[in-house]
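Please read the structure below before turning to the comments.
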Amino acid sequence: MAEKKKFLLRIDESIYNALEKWASDDLRSINAQIEFLLKEALKKAGRQKENPPQPTPPKE
């Protein structure tokens, strides 16, 4: 699995609260919910393929 990039995100408190509720309803963490929503938006906008290729492990 590819390593995940870390970054600081500043958002309005009301947006955070709505995301927190939505994430809880979907049984996800807020981080997972944001990542899910970003992936969906990227696919809808044609900016990312349905399943990005996964790197293949080196042969031993």
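Each value in this text was obtained by applying a stated rule to the coordinates, not by laboratory testing. No experiment lies behind these values; they were computed from the predicted model shown.
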Rounded to the nearest 10 degrees, the helix 30-44 long axis (Cα) sits at an angle to the longest Cα principal axis of the chain of 70 degrees
Report, to two decimal places, the Cα Rg of the chain normalised by 2.2 N^0.38 Å (N = number of residues). 1.42
